[in-house]
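Please treat every number below as a calculation from the coordinates, not as lab data. All values derive from a computational prediction rather than experimental measurement. Quick reminder, even Gly has a Cβ in these numbers, built from the backbone with ideal geometry, and neighbours come from all protein chains shown.
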Amino acid sequence: MQKSIRTAESALQVSDPVIARLIEQHGPCTLFSENSLVHTPHFHVLVWAIINQQLSVASARSIENRLSKLLQSEIYELASIKALQDQQMASCGLSRQKIRYLRVLCDFVDSGELDLEKLAKMDNESVFDALTALTGIGPWTVDMFLMFSLGRLDVLPLGDLALRKSIEHHYELPDKPAIEDYHAIADRWRPYRTVSSWYLWAAVD
């Protein structure tokens, strides 16, 4: 996995001077490092992504820490999440809406309607279709899962505000750029748009 990241970095240094500069400043990419999400269970990553929906990193991290303390585990498992009462989840900072999303996820996985292990064998479009069948999982959450759980290297999560802002800043885009402007820039990153996105996030952390 790390070898594929090094290959991606070498290709991006040739194809885009902006990303080349970010690689020099913020590298190496730790997307597949020992402590990264890609080494955790798929269920854990989906819970993590739902928690992080439309929240700042700091706010999401606070909820994650409270939830981990409540569960006495750094890993979110189906049985432990399912056993929590709504009030317990709310005490960690989860909204009523996100509690509902987690309940739906638990029900789909527990019933077998969603087989998380099969997702790794599917192409990105099929993963998108399988996951967006669940209430509370949209394009951003699927992109996070593809990147951080399945380790797909060519994902462009333009639903992420921080990524769009970083692109606008580093490529000096005008105010309110069209979606085509982002894609025009990102096309030079193929087939490693995930890695470029990681560096653009790193540049605004």
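Of note:
- With a cut-off of 15 Å on the backbone N, the residues of segment 31-53 near the modelled label site 7 Å out from LYS82 along Cα-Cβ are 43-44.
- Choice from MET147, MET122, MET89 showing the highest fluctuation, given a GNM over the chain with Cα pairs closer than 10 Å: MET122
- Computed from the Cβ-Cβ distance with R0 of 41 Å, the FRET efficiency linking ALA184 to ILE75 stands at 0.55.
- Formal net charge of residues neighbouring LEU134 (Cβ-Cβ distance under 12 Å; K, R +1; D, E -1): -1
- FRET efficiency for SER4 and ASN124, using Cβ-Cβ distance with R0 set to 22 Å, rounded to 0.05: 0.85
- Remark on segment 71-179: hydrodynamic radius 16.1 angstrom, per the Kirkwood mean of 1/r across alpha carbon pairs.
- Net charge of the neighbourhood of PRO17, taken over other residues with C-beta under 14 Å away and scored Lys/Arg +1, Asp/Glu -1, is -2.
- The translational diffusion coefficient of segment 1-96, from Stokes-Einstein at 20 °C and 1.002 mPa s with a Kirkwood hydrodynamic radius over alpha carbon pairs, comes to 137 µm²/s.
- Entry note, the chain: relative contact order of 28 percent, from Cα contacts under 8 Å with a spacing of 6+ residues.
- Expected 222 nm ellipticity per residue - DSSP helices of 4 or more, -39500 (n - 2.57), all of the chain, to 500: -18000 deg cm²/dmol
- Cβ-defined net charge surrounding LEU158, 13 Å radius [Lys, Arg +1; Asp, Glu -1]: -3
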